[in-house]
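> Here it is, the structure in full.
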Amino acid sequence: MRKFRPIALALALFGAALLVPTVATSASAATTTYQAENAARTQGVVESNHAGYTGTGFVNYDNVTGSSVTFTVNVGTAGSASLAFRYANGTTVSRPMTIAVDGTTVATPQFASTSVWTTWNTTTVNATLSAGSHTIKTTATTANGGPNLDSLTVTDAGGGGGGAPTAAELLAKVTTCSQISNGTYKTDEELGRTIPVCGKNGAVFWKADMDIDCDGIRTTQCNENTDCCFLPDTAFHTSADAPLNAAQLPYVVVPSPSSTWNFQNFQIAGGGVVAVIYNNQVTYAVVGDTGPTDIIGEASYAAAQQLGINPDPSNGGTDSGVTYIVFKNSTINPIENHNLAVTRGQELARTFINNN
């Protein structure tokens, strides 16, 4: 995939400084996946030493009674919701946990053995949830602690008209393009210019490929050895004035300002919220980096991973089929708070659908 890091790095100084759920969708219900490594935890650690996990890792509970993970979730439509916990238990005995919604226990599933730590199963419980924010706490009830917990997927009673918008709802609003860019963009250096930036009420969008941006903080996934053109900086920084972490934070790369298009003239800035759609899935990201003035279609390692796109910076990405909807006046602070980006993104996406 393309690499144009020197231009992006040169533009880093112009960007001012201002954890990981994936939103998958279906036509009949709003479904959101929350990664355990981004949730609050007591007596547990984030690890990534057993293959098969999603996101950037999983939570390994301490072997004590009371070790826990607490998710903060958002429900769009009141009613019965399913709570699906993806886990691995490589021991020979169950590791039961209580599941509490807003402090009230609703179930105590057993989390039976999966035989090995690299085999992942799902245990699902049902709960009645009102629209809005809730805490879902999973607490070990024995001295063995809990299983390795990968994620929680919440499916509410919603769908069209309320709650987290579906991919189909969003895509239905971007079937035609009212071009706002003065010209078009390439998706890769060797290709011609074919991609316009389009305008809608409250947002801009484009349909392109996805190449992998691995710049920023050095991580196991993103460094000089994994990425031939790695640069240790991003155009926009965290609240601590550090480069972004491409392996953990879903972010989108926008073209640097030029005569073709200047994102700054359309109420878009670093930390602006973006809905990224691929293969009938939606994930929410932030504007995190800038790229070449003639190229469009790039996002972070974490953004690709959440959408099921190969995130490897050397051979990953996808050549087409990705839609980027960037909401105007949507900057979140701190930029690194992905849960905030998801919450705000779902609200903005619903407003976008209602207003277009």
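> Can you compute the FRET efficiency between Val116 and Thr175 using 1/(1 + (r/R0)^6), with r the Cβ-Cβ distance and R0 = 41 Å? Round to the nearest 0.05.
Numbers: r = 46 Å, r/R0 = 1.13.
With R0 = 41 Å, the Cβ-Cβ based efficiency is 0.30.
> When DSSP beta bridges are limited to those with both residues in the chain, what percentage is antiparallel, rounded to the nearest 5? All intermediate terms of the calculation are to be shown ahead of the outcome.
Values: 79 of 88 bridges.
Roughly 90 percent of the DSSP beta bridges within the chain come out antiparallel.
> A further question follows. Simple spin-label model, 7 Å along Cα-to-Cβ: Gln264 to Asn182 in nm?
According to this spin-label approximation, the distance is 1.5 nm.
> Counting Lys +1, Arg +1, Asp -1, Glu -1, what net charge surrounds Ala275 among other residues with beta carbon under 15 Å of its beta carbon? Before the final figure, lay out each step's value.
Details: positive: Lys173, Lys200, Lys207, Lys328, Arg344, Arg350; negative: Glu169, Glu347.
With Lys, Arg at +1 and Asp, Glu at -1, the net is +4.
> Near Lys137, which aspartates and glutamates are there with a Cα under 12 Å away, not counting those fewer than 8 places off in the same chain?
Result set, ordered by chain and number: Asp102.
> Also: Using only the Cα atoms of region 134-218, build the gyration tensor, take square roots of its eigenvalues as a ≥ b ≥ c, and label the shape rounded, prolate or oblate: rounded if a/c is under 1.5, else prolate if a/b is larger than b/c, else oblate.
On the way: a/c = 4.04, a/b = 1.78, b/c = 2.27.
Since a/c reaches 1.5 but b/c is at least a/b, the shape of region 134-218 is classed as oblate.
> What distance in nm lies between label points placed 7 Å from Cα along the C-beta direction at Val93 and Ser48?
3.2
> Counting pairs of alpha carbon atoms under 8 Å apart in space and at least six apart in sequence, what relative contact order in percent does region 31-144 give?
Numbers: 262 pairs, mean separation 36.8, N = 114.
Worked out over region 31-144, it gives 32 percent.
> I'd like the distance separating the alpha-carbon centroids of region 45-67 and region 275-341, in whole Å.
Region 45-67 and region 275-341 have Cα centres separated by 26 Å.
> Continuing with the same structure: With runs of 4+ DSSP H residues as the only contributors, calculate the mean residue ellipticity of the chain at 222 nm using -39,500 (n - 2.57) per run, divided by the residue total and rounded to the nearest 500.
The helix-only estimate for the chain comes to -2500 deg cm²/dmol at 222 nm.
> While we're looking at this one, here's another question. Taking Cα centroids, how far is region 228-243 from region 139-158 in Å?
Their Cα centres are 33 Å away from one another.
> Let me ask another. Local charge sum around Val322 (other residues, Cβ-Cβ under 12 Å, Lys/Arg +1, Asp/Glu -1)?
Details: positive: Lys207; negative: Asp209, Asp211, Glu298, Asp319.
Combined, the nearby Lys, Arg, Asp and Glu give -3.
> While we're here: Ala107 versus Cys228, label points 7 Å from Cα toward the beta carbon: distance in nm?
Reported label-point gap for Ala107 and Cys228 is 4.8 nm.
> Leaving out ligands, DNA and RNA, what percent of the accessible area of the chain is carbon and sulfur, probe 1.4 Å? Can you show the working numbers first?
Numbers: 6440 of 13220 Å².
In the chain, the share of accessible area belonging to carbon and sulfur is 49 percent.
> Give the cross-link partners of Lys328 among the lysines, using a straight C-alpha distance below 29 Å as the criterion and excluding same-chain residues fewer than 8 apart.
In chain and number order, the partners are Lys3, Lys173, Lys186, Lys200, Lys207.
> Does region 185-335 come out rounded, prolate or oblate, given a ≥ b ≥ c as the square roots of the eigenvalues of its C-alpha gyration tensor, rounded meaning a/c under 1.5 and, failing that, prolate meaning a/b above b/c?
Values: a/c = 1.42, a/b = 1.17, b/c = 1.21.
Because its axes are fairly even, with a/c under 1.5, region 185-335 counts as rounded.
> Here's a follow-up. Kindly report the accessible area of the chain per residue (heavy atoms of protein chains, probe 1.4 Å, no ligands, DNA or RNA), in Å². All intermediate terms of the calculation are to be shown ahead of the outcome.
Working: 13220 Å² over 356 residues.
So the chain comes to 37 Å² accessible per residue, rounded to a whole number.
The values are calculated or read from the model by the stated rules, or taken from the named source; none is laboratory data. The model shown is predicted, which means the values in this text are computed figures rather than measured ones. Because the Cβ atoms are built from the backbone with ideal geometry, glycine has one as well, and the counts that use them run over all protein chains shown. Just so you know, the surface numbers come from the protein's heavy atoms only, side chains and all, with ligands and any DNA or RNA stripped out. Shrake-Rupley method; radii C 1.70, N 1.55, O 1.52, S 1.80 Å.
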